[in-house]
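Working notes, structure below.
The values are calculated or read from the model by the stated rules, or taken from the named source; none is laboratory data. Nothing here was measured: the structure is a model prediction, and the numbers come from that model. Cβ placement follows ideal geometry from the backbone for every residue including glycine, while neighbour counts extend to all protein chains displayed. Quick note on the areas: whole protein, heavy atoms, side chains included, nothing else; ligands and nucleic acids left out. Shrake-Rupley method; radii C 1.70, N 1.55, O 1.52, S 1.80 Å.
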Amino acid sequence: MRAFIFPGQGSQSVGMGRGLADASPAARAVFEEVDEALGERLSRLMWEGPEETLTLTANAQPAIMAVGIAALRVLEAEAGIKLADKAAFVAGHSLGEYTALCAAGSLGLADTARLLRLRGEAMQAAVPPGVGAMAALLGLDFETVTAIATEAAGTQVCAAANDNANGQVVVSGHVEAVARAMNLAKAKGARHSVLLPVSAPFHCPLMQPAADRMAEALDAAPIMAPTVPLVANVTAAPVTDPAEIRRLLVEQVCGTVRWRESVLAMAALGVTGFVELGGKVLGPMIRRITPDVPTLTASDMSGVEALAREL
C-alpha cells in the first residue's frame, strides 16, 4: 500500500527534466503542454538556466510540477504503471499538492501550470522585498516552535509555517519577528536556527493577499474528484470532494504545511511505502518521521526505470 508524493520549492535545478524529455515522447509532451499553457518556453529555462531566474517562485513552482508529472507519464507510457492502480493516496509539500492533484486527475495539466504561475506571482507580490523572512528551527518539536512563534510575534506576524519532520520546523513572518524567534529558539535549546534563502514569507498570515487571488482563480478552475484521495497539507487528512479541495488549497497559502502529521496519518492508514516523483527532498524527511517506511524516488530516467522495476 503506497502513497505517491510530490516535492515543493527548493527541488529545482538547471537541467531538471531534460533527460526525461530526451528519452521519452510522453515526457516531452508534458513540457510542451506546460510551455503552451504559460505562453513561454519554461522548458528552455529549466534546461539552460540561468539558475537565478529558474529559482524565482513564479518559475520554480510550475517547473517542479512539470518534472513530477513528466516522471509519472513516463511510468505510465513506458512501464504501463497507472497511479490509480499503485497508489492508495497522493500528497505533496506546499506546491507539490498541486502536482499531486494533477497526477490524480483532479486538475488538468495546463490548468495546474497556470495556477502555479499565478500562485508564485501572487505569493511574491504579497509582501514587499525585505519585509518578511523564513527560518528553520532545528531540534525543537512543533508545539515548542508554535509557542516561540506566538511569543516572537508581538504586534507583528510570526507563525509556524512548515512542520517538516521531527525537530525540523520552519517559522515565517516579519523579518524582525523571525529574528526574535531564532533568538528564543536558541534559548529553548534549539540545535541550530538558519534563515532560509526565500523571496517571501510563505505560509503565514502575511500571504493573505495571495490567498485572495488564489481563491478567485481556483473558483474558476475545473477541479474533479481525484482518482485516489489527497492527504491535504492543512488538515493532514484525506479529501476527495472538489469543493473541499478548492477550499483547502486557498487555506494552504497562509496555513501551516503539516507534512509530519500527513506522513504519520498515511502510515496510520496503512501506507507501507512512499514514492516521490520529481525530486529527492521528501525522502529524508520521511526517514525522520517513519524510519521503517521506505521511500522510492524518481526524478530522472534512470530513477524512473528503477522505480518501474520496483513497482
Between ASP141 and ASP212, the two model label points (7 Å from Cα along the beta-carbon direction) sit apart by a distance in nm of 3.9
So for the chain, taking the charge dipole from beta-carbon charges (+1 Lys/Arg, -1 Asp/Glu), which of LEU248, ALA159, ILE69 sits furthest toward the positive end?
-> ALA159
Near TRP47, within a Cβ-to-Cβ distance under 14 Å, what is the net charge of the other residues, with Lys and Arg +1 and Asp and Glu -1?
-> -3
Under a Cβ-Cβ cut-off of 10 Å, what is the net charge of the residues other than VAL253 that fall near it, where Lys and Arg count +1 and Asp and Glu count -1?
-> 0
Accessible-area ranking of GLU310, GLU97, largest first, probe 1.4 Å | GLU310, GLU97
Efficiency of FRET between GLU52 and GLU244 - r from beta-carbon atoms, R0 51 angstrom, step 0.05 = 0.85
Label-point gap, in nm, between ALA308 and MET1 - each point 7 angstrom along Cα→Cβ | 2.9
Here the relative contact order (percent) of the stretch 240-311, from C-alpha pairs under 8 Å and at least 6 apart, is 25
Rounded to the nearest 500, the 222 nm mean residue ellipticity computed for the chain from DSSP H runs (n ≥ 4, each -39500 (n - 2.57)) alone is -15500 deg cm²/dmol
Would you give the gap between the C-alpha center of the stretch 173-241 and the C-alpha center of the stretch 1-51, rounded to a whole Å?
-> 23
Applying 1/(1 + (r/R0)^6) with R0 = 41 Å to the Cβ-Cβ distance of THR150 and ALA79, what FRET efficiency is obtained, to the nearest 0.05?
-> 0.25
Pop the C-beta distance of LYS86 and GLU251 into the FRET formula with R0 = 25 Å and round what comes out to the nearest 0.05.
-> 0.30
Separation of the THR227 and GLU40 label points, Cα + 7 Å toward Cβ, nm | 3.2
Expressed as a whole percentage, what fraction of the accessible surface of the chain belongs to carbon and sulfur atoms when a 1.4 Å probe is rolled over the protein heavy atoms?
-> 53
Contour excess over end-to-end distance, with Cα ends at LYS188 and VAL131 and 0.36 nm allotted per residue = 18.0 nm
Dipole of the chain, Cα-centred, from +1 at each Lys and Arg C-beta and -1 at each Asp and Glu C-beta, to the nearest 20 debye?
-> 620
Classified through the alpha carbon gyration tensor (a ≥ b ≥ c as square roots of its eigenvalues; rounded if a/c is under 1.5, else prolate when a/b is larger than b/c, else oblate), the stretch 83-138 comes out oblate
With an 8 Å cut-off on Cα pairs and a minimum separation of 6 or more residues, tell me the relative contact order of the chain in percent.
-> 23
Mind running the shape call on the stretch 1-42? Use the C-alpha gyration tensor, a ≥ b ≥ c as the square roots of the eigenvalues: rounded below 1.5 for a/c, prolate if a/b tops b/c, oblate otherwise.
-> prolate
Probe 1.4 Å, heavy atoms of protein chains only: per residue, the accessible area of the chain in Å² is 39
A student applying the Cα gyration tensor rule (rounded when a/c is under 1.5; otherwise prolate if a/b is larger than b/c, oblate if not) would label the stretch 1-153 oblate
Would you tally the net charge around GLN168, using a Cβ to Cβ cut-off of less than 11 Å, leaving GLN168 out, and scoring K and R as +1, D and E as -1?
-> +1
